[in-house]
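Student: My questions all concern the structure below.
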Amino acid sequence: MDLLFDIIGMSGTFLVVGCFFLLQLKKITPTSLTYNLMNLIGAILLLISLCYNFNLASFVIELFWIAASLIGLVNYWRSDKNAVVSAS
């Protein structure tokens, strides 16, 4: 069981850190769907792993990471909707 939660947590870590590297390499933008989804999924996976090996500080930061990613996704979909309305 330990191994399963370690794999889930490491997958989340690779997504969050990989996303940051892609951002620094200018392969994605901070307002892109890819950036926000990678952060959201990574944070959720880390949160799942923390339910097995609990750490309060890490749990709280992942909740904030999820909230920030959701805000980014809402902004992405709003801007996408506004672009469609402007083009009409």
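Student: What's the FRET efficiency of residue 70 with residue 2 using the Cβ-Cβ distance as r and R₀ = 25 Å, to the nearest 0.05?
Tutor: Values: r = 30 Å, r/R0 = 1.20.
Result of the calculation: an efficiency of 0.25.
Student: Let me spell out the model: positive unit charges on the Cβ of Lys and Arg, negative unit charges on the Cβ of Asp and Glu, origin at the Cα centre of the chain. What dipole size does that give, in debye rounded to 20? It would help to have the intermediate numbers written out before the result.
Tutor: Working: 4 positive and 4 negative charges, 88 e Å.
Approximately 420 debye in magnitude.
Student: In addition: Can you tell me, using C-alpha contacts under 8 Å and at least 6 residues apart, the relative contact order of the chain as a whole percent? Can you show the working numbers first?
Tutor: Numbers: 78 pairs, mean separation 27.9, N = 88.
Relative contact order comes out at 32 percent.
Student: Would you please give the FRET efficiency between residue 34 and residue 61, computed as 1/(1 + (r/R0)^6) with r the Cβ-Cβ distance and R0 = 22 Å, to the nearest 0.05? Could the numbers behind the result be given before it?
Tutor: Details: r = 22 Å, r/R0 = 0.98.
Once the sixth-power term is evaluated, E becomes 0.55.
Bear in mind these aren't lab numbers, they're just calculated from the coordinates by the rules spelled out. Computed from a predicted model, the values in this text were never measured in an experiment. We place every Cβ from the backbone using ideal geometry, glycine too, and count neighbours over all the protein chains shown.
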